[in-house]
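Trainee: One structure follows; several queries about it will come next.
The values are calculated or read from the model by the stated rules, or taken from the named source; none is laboratory data. Treat the numbers as computed from the prediction; the structure is a model and nothing was measured. Please note: Cβ atoms are built from the backbone with ideal geometry, for glycine as well, and neighbour counts cover all protein chains shown. We work out accessible area using only protein heavy atoms, side chains counted, and drop any ligands, DNA or RNA first. Shrake-Rupley method; radii C 1.70, N 1.55, O 1.52, S 1.80 Å.
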Amino acid sequence: MSGIELKPSFPAGLPSVESEPPSTKTIIKALSLEPHIEGGYFVETDRPGFDPAHRNASTTIFYYLTPQSPQGNFHRNRGRTVHTLHRGRGVYVLIHADEPDLPGGGKRIETFTVGPDVANGEKLQWIVEGGKFKASFLLPDDASSSNEKTSGGLLISETVVPGFEFCDHDFLNAEDFRKLVTPEKADELAWLVRKA
């Protein structure tokens, strides 16, 4: 794992468009975003139609984390997901639940920062294969400022292949989470597990 600090930069709460700053409300309204069950906001932008006899080859959404809704809790999809950054910065945490346990116990955990500073290793695009649990959280826009924590939000697109269906999605509950990671990692990452 890298030297990324795995703690919230902004306090988590329930998404509420009314409590967002005006600039964030403008983006939410312009993109017709709604609160997402994983945290943050979303809108589906590409679903070629619905036919229960055939699955779509792909589907796409906008996904937006904001200072008022700054994290997406651990979940997994069956399909492969291609993520593309539009603005902002954040951290992704992946638990490779589909791989064998590490020699010291627990599954491999991968973390990386997404953002515009590619010269310092931030990612503009990243792919999460199906079967891996992922969580994300918002970082301040300015990586060099440790005192001033401001953000215009993390806006990305996610394209799921084959197309997303809710029957292919599940959240990581606290009991299963503790079975996948070491006790030390459980203590460090428990805040990214959905409560109830």
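Trainee: Six or more apart or on different chains, Cβ atoms under 7 Å: show the pairs whose first residue is in the stretch 95-116 and touching a residue at least 60 places away in the same chain (Cβ under 8 Å) and whose second is open to solvent by 50 Å² or more (accessible area, probe 1.4 Å) and of a type in the set (A, V, I, L, M, F, W, C).
Mentor: Listed pairs, sorted by first residue: I109/M1; T111/M1.
Trainee: With a cut-off of at least 1 residues that are open to solvent by 40 Å² or more (accessible area, probe 1.4 Å), name the strands (runs of 3 or more DSSP E) lying wholly within the stretch 129-196.
Mentor: 154-161, 169-171
Per-residue answers, yes or no, for (1) out of contact with any His (no Cβ under 7 Å at 6 or more places or on another chain); (2) basic (K, R); (3) modelled with pLDDT under 95; (4) over 17 Å from Y63 (Cβ atoms):
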| site | (1), (2), (3), (4) |
| --- | --- |
| G105 | yes, no, yes, yes |
| R108 | no, yes, no, yes |
| G115 | yes, no, no, no |
| V118 | yes, no, no, yes |
| G121 | yes, no, no, yes |
| Q125 | no, no, no, no |
| A135 | yes, no, no, no |
| P140 | yes, no, yes, yes |
| T150 | yes, no, yes, yes |
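Trainee: Here's something else I'd like to know. Restricting attention to the stretch 94-117, which residues are surrounded by fewer than 18 Cβ atoms within 10 Å (Cβ to Cβ), among the hydrophobic types (A, V, I, L, M, F, W, C) and outside any strand (DSSP E or B)?
Mentor: Of everything in the stretch 94-117, just one residue is surrounded by fewer than 18 Cβ atoms within 10 Å (Cβ to Cβ), among the hydrophobic types (A, V, I, L, M, F, W, C) and outside any strand (DSSP E or B), namely L102.
Trainee: May I pose another question? Here are some residues: T59, T45. Which one is open to solvent by 70 Å² or more (accessible area, probe 1.4 Å), in contact (Cβ under 8 Å) with a residue 12 or more places away in the chain and in contact with a strand residue (DSSP E or B) (Cβ under 9 Å, 6 or more places away or on another chain)?
Mentor: When all the criteria are applied, what remains is T45.
Residue-by-condition table, conditions (1) more than 12 Å from the chain's Cα centre (by Cα); (2) small (G, A, S); (3) within 16 Å of D176 (Cα to Cα):
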position: F50; (1), (2), (3): yes, no, no
position: I61; (1), (2), (3): yes, no, no
position: P67; (1), (2), (3): yes, no, no
position: P70; (1), (2), (3): no, no, no
position: F74; (1), (2), (3): no, no, yes
position: H83; (1), (2), (3): no, no, no
position: R87; (1), (2), (3): yes, no, no
position: V91; (1), (2), (3): no, no, no
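Trainee: Hey, among K132, K123, which residue is within 24 Å of E44 (Cβ to Cβ), touching a Lys or Arg at 6+ places or on another chain (Cβ under 7 Å) and free of Cβ contacts under 8 Å to residues at least 60 places away in the same chain?
Mentor: Result: K132 is the single residue among K132, K123 that is within 24 Å of E44 (Cβ to Cβ), touching a Lys or Arg at 6+ places or on another chain (Cβ under 7 Å) and free of Cβ contacts under 8 Å to residues at least 60 places away in the same chain.
Trainee: From S23, S32, which residue is of a type in the set (G, A, S), surrounded by fewer than 20 Cβ atoms within 10 Å (Cβ to Cβ) and without any contact (Cβ under 8 Å) to a residue 40 or more places away in the chain?
Mentor: Exactly one residue qualifies, and that residue is S32.
Trainee: Scan the stretch 19-41 for residues that are β-branched (V, I, T) and closer than 14 Å to N73 by Cβ and report the count.
Mentor: 1
Trainee: Would you mention how many residues in the stretch 2-51 are more than 28 Å from L172 (Cβ to Cβ), among the charged types (D, E, K, R) and at pLDDT below 90?
Mentor: 2
Trainee: Need a quick list: strands (runs of 3 or more DSSP E) entirely within the stretch 1-93 having at least 2 residues that are in contact with a helix residue (DSSP H, G or I) (Cβ under 7 Å, 6 or more places away or on another chain). Steps first, answer last, please.
Mentor: Numbers: elements: 41-46, 59-65, 71-77, 80-87.
Strands (runs of 3 or more DSSP E) meeting the threshold: 71-77.
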